[in-house]
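No lab work stands behind these numbers, since they all come straight from the coordinates. All of these numbers come straight from a predicted model, not from anything done at the bench. Here Cβ is always computed from backbone atoms with ideal geometry, including for glycine, and neighbour counts include all displayed protein chains.
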Amino acid sequence: MAVYHNWAVGVLMIITATSAGFAADLPVTFVFGDSMTEVGNNNFLRNSLAKSNYPWYGIDYEGGRATGRFTNGRTIGDIISSKLGIPSSPPYLSLSPNDDAILRGVNYASGGSGILNETGLYFIEKLSFDDQITCFEKTKEAIKAKIGEEASNKLCNRALYFIGMGSNDYVNNFLQPFLADGQQYTHEEFLDLLMVTLEKQLTRLYALGARMVVMHSLGPLGCIPSQRVKSKTGGCLKRVNEWVLQFNSRARDLLLSLNSRLPRARMMFSESYDIVYDIIVNPTAYGFKVSNTSCCNVDTSLGGLCLPNARPCRDRTEYVFWDAYHTTEAANLVIAERVFADHSTGVSPAPAPAPAPAPLSHGPPITSAPAPSRSRKFMG
Ligand SMILES: *[C@@H]1O[C@H](CO)[C@@H](O)[C@H](O)[C@H]1NC(C)=O
Ligand SMILES: *[C@@H]1O[C@H](CO)[C@@H](O)[C@H](O)[C@H]1NC(C)=O
């Protein structure tokens, strides 16, 4: 079983191998996640308090529209999709059940959600990871009704599954002292619970046909503005970052173990902790001025989102963070670019055909930032 040091290399090789150059055969993508990857599902949940469909969100998006993305412009997922040469999938809740668009991919991500059902409960309504998988199950039924069982199985086997989950299990659960999980469990026990739950979820996705899965690592949550304000000095919370690194390491091991147990599973871990951490501690190396507070002058004691009455900073490209949780589009561009730039070291075992360079030339050149060498933490 090939284990890719870098998921982007793996994905590009798969696309190259399966599409044989036919543009019509673009990979179908199904996206699961939280506010980092949401593209507007919560807009359709009437009682959800995790929404971003108002100014100043989207101020740098096409037409300056607030779409339900939790940033000022494009998400990392939007940028990565365009690098892979595929469109961003639409929000599940925006589609009618038998919309033809489901044949091209769907985004189930929902702000405030997590691996655990109880995560983010104070947002009232959101789609937890379990809910999102249930929505995918319905999508699969609808695809089957359209194109038949054999073709729908094939489509689901060949699709790409992106997963970005777990941040809220910390930020909107374990790190909230008034919630049960933070009081009931030690971190070790909590992490065990997350991994047992994640294993069931990934196995369920596999049973529904998922083979090529890219799971994104958590970033340095101890350094996001909503956590920094808890430190006396305004610095990163070391203990939180250590927990996140443990989560990443356990999640990566879980994927490896699933790959060895589940025939034809190709689950890849996309490690971006180091990349994001480096941008935060060396902002000027990447063209940023501020990484310790957000562009929007949010009230961290009151949700930390960028509300219409808040004042965004003048130059949004100078800030790494947009609100108390989410990175700016400028930071997302650098992160996506760095995730791709890690191509250089290739795959293990030795690459068969070289990955197609073409998709990398999509999109504008991002940054003249140097690429500091780092220890590699990719799978393998
Ligand atoms: C989480 O909620 C879903 C329904 O949304 C349910 O099927 C599942 O069993 C729940 N998980 C746990 C661990 O309670
Ligand atoms: C951010 O860092 C700058 C420069 O190091 C410092 O002056 C400022 O007080 C810090 N802001 C916060 C919110 O910690």
### Query
Roughly how many whole Å is it from the C-alpha centroid of the stretch 148-185 to that of the stretch 197-216?
10 Å
### Query
How high is the FRET efficiency between Glu150 and Ser260 when r is their beta carbon distance and R₀ equals 45 Å, given to the nearest 0.05?
0.95
### Alpha-carbon radius of gyration plus Dmax, which is the widest Cα pair, for the stretch 202-262 in Å
15.9, 48
### Message
Show me, for the stretch 28-40, the HN-Hα J-couplings you get by feeding each phi into the Karplus relation (A = 6.51, B = -1.76, C = 1.60, θ = phi - 60°), rounded to Hz, glycine and proline as x.
### Response
7, 10, 10, 10, 10, x, 10, 5, 5, 10, 4, 10, x
### Message
I'd like the distance between the alpha-carbon centres of the stretch 32-103 and the stretch 108-137, rounded to an integer number of Å.
### Response
15 Å
### Query
If you put +1 on each Lys and Arg Cβ and -1 on each Asp and Glu Cβ, how big is the dipole of the stretch 194-288 around its Cα centre, in Debye rounded to 20?
320 debye
### Summary
Per the 1/(1 + (r/R0)^6) rule, R0 = 25 Å and r from the Cβ atoms of Arg46 and Ala310, FRET efficiency to 0.05 is 0.55
#### Entry: Charge dipole of the stretch 157-239 about the Cα centre (unit charges at C-beta), most positive-ward option of Tyr170, Ser231, Ala180
Ser231
### Summary
Looking only at lysines whose Cα falls under 17 Å of Lys51's and that sit 8 or more positions away or on another chain, we get Lys126
### the stretch 248-285 versus the stretch 218-243: alpha-carbon centroid distance in Å
20 Å
